[in-house]
Amino acid sequence: MRMTDLIEKKKRGEPLQEEEIRFFVNGFTRGEIPDYQASALLMAICFVGMTAEETADLTDCMAHSGDTLDLSDICGVTADKHSTGGVGDKTTLLVAPICAAAGLKIAKMSGRGLGHTGGTVDKLESIPGFRTALSEAEFKAQINKIGLAVTGQTGELAPADKKIYALRDVTATVNSIPLIASSIMSKKLAAGAQNIVLDVKCGSGAFMQSIDGARALAEQMVEIGKACGRHTAAVLTNMDVPLGTHIGNALEVFEACAVLRGGGSADLREISLILSAHLIAMSQQKPYDTAYRTARELLDNGTAFQKLQEMVAAQGGDARVLECADCFLPAQMQMELCAPQTGYIARMHTQKIGESASLLGAGRAKKTDAIDYAAGIVLQKKTGDFVQKDEPLAVLYASGKEKLQAGKTRFLEALTFSKEKPALQPLCFGTVE
Ligand code: URA
């Protein structure tokens, strides 16, 4: 078999056979296929697309390109959650403890933030002492003991995706539905849970800007999950505005805890309940409404918060900080950012808000950059709010003046004002099951 023939075939619009996809994935992962040939194939896939069968074959090959986690020694029903990435998206910190409190075994491997989106591993590492590098044995033992663990990746899961994703990132080939679907699902399948809920974000802070694109991605991922014998559902959620009010690692842990303790932002609470309800309904085969009521009760009666405290303590973190903001939000320089004009906030370009947080120090431009856990943004106004000129819009936190200035400039670029009140979008655009 020759790569040039595969590239030609895809370029002509013909579907690739399973053995051809396997040849590409294995050869590229082993370093036998050069980047330039892999890039050409990926670009052809971006233009021509893939059939459902090709996407399933690609996912399967990537899922089996390295270690796979066998969760059969976990007592109970295993469940996992994945978000396609957003700004202020701290739902894992709520969904995992709510679902564990409902009796599910949450086996969650999370990633770090890159670019304008945050990552759960970075958020959890803002808690002093918290360990995100659990061994496979520690991960499973903790799930069996307390019902949940959230860790960085154990072992070498889906190494083909790691290599292919790194190449896509620098060859403008990220934006392809079959490539995104296979990339995400290969990691979820390798991570082993029986039940998977996918939060597919849609809007100016997400990979998918349109509802049609987000729905197509959700449909492909759900189809792949089901074809591989996993219960899978996707919820299409709004990322045209940041989720909640806090953006930045420690700030987001603080906001998640506020919701778990009965306060916090209504949108974050509602999206977390919807995702939890889908995961509980699917895993325990209950009607959605019953599962939603269960999730709400476990959130409101404090059981979910106790679960998060248990997880933090089990992973070496100082659980006391979850109840005391001052303990883990060290004093920083801060700047109140005020409205440059009077009017309604018509739009917040959410990617730019995420970039602003990153410039303040909450994210990385390169994988090797250090994170400032206390840096970030607390929003006081969001899309749809009316503001007077010079009224406070947000507080920015950073370690120095230059960073505050860079964050402020990018934040203001994100805003559009209008005289008319904008029509408000729903939090959730539907589900794919
Ligand atoms: N997240 C992934 O893991 N892969 C993609 O291709 C896009 C988002």
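One table, with the values for the structure above:
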{"read-out": "222 nm mean residue ellipticity, helices alone, for the chain (DSSP H n ≥ 4; -39,500 (n - 2.57); rounded to 500)", "value": "-14000 deg cm²/dmol"}
{"read-out": "Å² per residue, accessible surface of the chain at 1.4 Å", "value": "40"}
{"read-out": "R0 of 22 Å, Cβ-Cβ distance A346-L167: FRET efficiency to nearest 0.05", "value": "0.05"}
{"read-out": "At R0 = 60 Å, FRET efficiency that the Cβ-Cβ distance of S399 and M1 yields, to 0.05", "value": "0.65"}
{"read-out": "In order through region 90-106: 3J(HN,Hα) via Karplus (6.51 cos²θ - 1.76 cosθ + 1.60), integer Hz, x for Gly, Pro", "value": "10, 5, 4, 5, 10, 5, 4, x, 4, 5, 5, 5, 7, x, 7, 9, 8"}
{"read-out": "Convex hull volume per residue for region 377-433, taking Cα atoms only, in Å³", "value": "130"}
{"read-out": "Cross-link reach list, aspartates and glutamates versus K382, counting only Cα pairs under 17 Å and skipping chain neighbours closer than eight places", "value": "D89, D240, E252, E255, D267, E270, E336, E355, D390, E391, E413, E420"}
{"read-out": "Entries of K10/K163; K145/K188; K352/K421; K9/K352; K123/K408 with Cα pairs more than 31 Å apart", "value": "K9/K352"}
{"read-out": "Volume per residue that the Cα convex hull of region 5-59 spans, once the total is divided by residue count, Å³", "value": "69"}
{"read-out": "Relative contact order (percent, whole number), the chain, Cα cutoff 8 Å, 6+ residue spacing", "value": "19"}
{"read-out": "Phi to ³J(HN,Hα) by Karplus 6.51 cos²θ - 1.76 cosθ + 1.60 over region 305-312, Hz, x for Gly, Pro", "value": "4, 4, 4, 5, 4, 4, 5, 4"}
{"read-out": "Average Cα contact separation per residue, region 3-49, under 8 Å, 6 or more apart, as relative contact order %", "value": "50"}
{"read-out": "Solvent-accessible area, 1.4 Å probe, carbon plus sulfur percent, for region 272-317", "value": "47"}
{"read-out": "Region 231-348: C-alpha gyration tensor shape, a/c 1.5 cut-off, then a/b vs b/c", "value": "oblate"}
{"read-out": "Rounded percent of accessible protein surface that carbon and sulfur make up, region 3-49, 1.4 Å probe", "value": "52"}
{"read-out": "Heavy atoms of R293 accessible to a 1.4 Å probe, total area in Å² rounded to 10", "value": "120"}
{"read-out": "Packing rank of 23-29, 140-146, where each peptide gets the mean count of other beta carbons within 10 Å, highest leading", "value": "23-29, 140-146"}
{"read-out": "Paired Rg and Dmax values of the chain, which use every Cα atom, in angstrom", "value": "21.5, 67"}
{"read-out": "For region 328-418: span of alpha carbons on each principal axis (Å, largest first)", "value": "40, 25, 22"}
{"read-out": "Cubic angstrom per residue, convex hull over Cα atoms of region 199-300", "value": "111"}
{"read-out": "Gap separating the Cα centres of region 290-326 and region 229-248, nearest whole Å", "value": "20"}
{"read-out": "Around S272: net Lys/Arg minus Asp/Glu count, Cβ-Cβ under 15 Å", "value": "+2"}
{"read-out": "Rg and Dmax [Cα atoms of region 145-214; Å; Rg one decimal, Dmax integer]", "value": "14.2, 44"}
{"read-out": "Cross-link reach list, aspartates and glutamates versus K105, counting only Cα pairs under 18 Å and skipping chain neighbours closer than eight places", "value": "D70, D73, D80, E136, E138, E310"}
{"read-out": "Where labels lie 7 Å past Cα in the beta-carbon direction, separation of R320 and S135 in nm", "value": "3.0"}
{"read-out": "Using alpha carbons only: equivalent-ellipsoid semi-axes of region 220-267, gyration tensor based, whole Å", "value": "31, 13, 10"}
{"read-out": "Other-chain or far-sequence residues with amide H under 5 Å of A414's (modelled H)", "value": "none"}
{"read-out": "3J(HN,Hα) from dihedral phi, region 376-386, Karplus parametrisation 6.51/-1.76/1.60, rounded to Hz, x for glycine, proline", "value": "x, 9, 10, 7, 9, 9, 9, 3, x, 7, 8"}
{"read-out": "Area of T232 that stays accessible when all protein chains are in place (1.4 Å probe, Å², to 10)", "value": "10"}
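The values are calculated or read from the model by the stated rules, or taken from the named source; none is laboratory data. Since the structure is predicted, the reported quantities are computational estimates derived from the model, not experimental observations. So basically every Cβ, Gly included, is an ideal-geometry build from the backbone, and we count neighbours across all protein chains shown. When the accessible area is computed, the model is the full protein with side chains, heavy atoms only, and any ligands, DNA or RNA have been set aside. Shrake-Rupley method; radii C 1.70, N 1.55, O 1.52, S 1.80 Å.
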